[in-house]
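Have a look at the structure below before the remarks.
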Amino acid sequence: RIPPQMVQRFARVLARIRWGPTEVEEFAGVYLSEPKPTVVFSPPTRPLSANGFAREAARRGVVLDIKSRMLYSPRGIYINGEALQVEGASRQALRRLADTRRLPPRMPLPPAAREALYQWYRAGYLALGKGRDVASRRPP
C-alpha cells in the first residue's frame with residue numbers, strides 16, 4: 001500500500017512540472033520503444049572490436065533483432081527505451097534502419113551512426129546481415 005502522504009507529495013511535485021513539446025516527444029519515444037519486461041536481448045558471446053564490426057557491417061549490412069523496437073521523431077532516435085540525438089547523414093541512416101529494419105552492405109555510415117550501431121550490436125539489439133544486398137527485399 002502506498003502511503004497517502006507519499007501520493008500527495010508526488011502530486012505536488014508533478015503539478016510543478018511543465019512539459020513542452022520536446023519533453024513530450026522524448027517521453028513518448030522512450031516509452032513507446034521500451035520492450036516488455038520479459039524481453040531479453042542476446043549480446044554476441046564474442047563481440048567484434050569496433051573496427052572489426054565496421055568492416056563486417058560494410059561487407060554484410062546489419063539487421064535489427066526481431067525483438068528491437070526502433071522509432072524516430074524530428075528530434076531523436078529511440079531504440080528499446082533509449083534516446084539518441086544525431087544529425088545529418090547519421091540521422092538519415094538510422095531512420096532508414098528504423099523504417100526497413102536493416103541496412104544494406106556497402107552503405108556509407110558516418111562515425112556517429114557507426115558508433116550507435118556498434119553499441120546496439122554489443123547490446124544484442126541488432127546483428128550483422130547475411131552479406132547480400134537486403135535493402136531491396138521486404139522484411140519477412
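The values are calculated or read from the model by the stated rules, or taken from the named source; none is laboratory data. Keep in mind the model is a prediction, meaning the values are calculated, not measured. Note that we place each Cβ from the backbone using ideal geometry, even for glycine, and neighbour counts take in every protein chain shown. Calculation scope for accessible area: heavy atoms of the full protein, side chains included, ligands and nucleic acids excluded. Shrake-Rupley method; radii C 1.70, N 1.55, O 1.52, S 1.80 Å.
With contributions of -39500 (n - 2.57) from each DSSP H run of at least four residues, the per-residue ellipticity at 222 nm computed over the chain stands at -14000 deg cm²/dmol.
Can you list, largest first and rounded to whole Å, the semi-axes you get for the stretch 1-117 by taking the square root of 5 times each eigenvalue of its Cα gyration tensor?
Rounded to whole Å, the semi-axes are 35, 18, 11.
Think of a 1.4 Å ball rolled over the protein heavy atoms: the chain then has 67 Å² of accessible area per residue. Net charge near Ala83: determine it from the other residues with C-beta under 12 Å of the C-beta of Ala83, scoring Lys and Arg +1 and Asp and Glu -1. With Lys, Arg at +1 and Asp, Glu at -1, the net is -4.
Full extension of the chain between Ile66 and Gln85 gives 4.5 nm of extra length, using 0.36 nm per residue less the Cα-Cα distance.
Relative to the longest principal axis of the Cα atoms of the chain, helix 88-100 runs at roughly 90 degrees. Between the stretch 78-134 and the stretch 1-61, the C-alpha centres lie 17 angstrom from each other.
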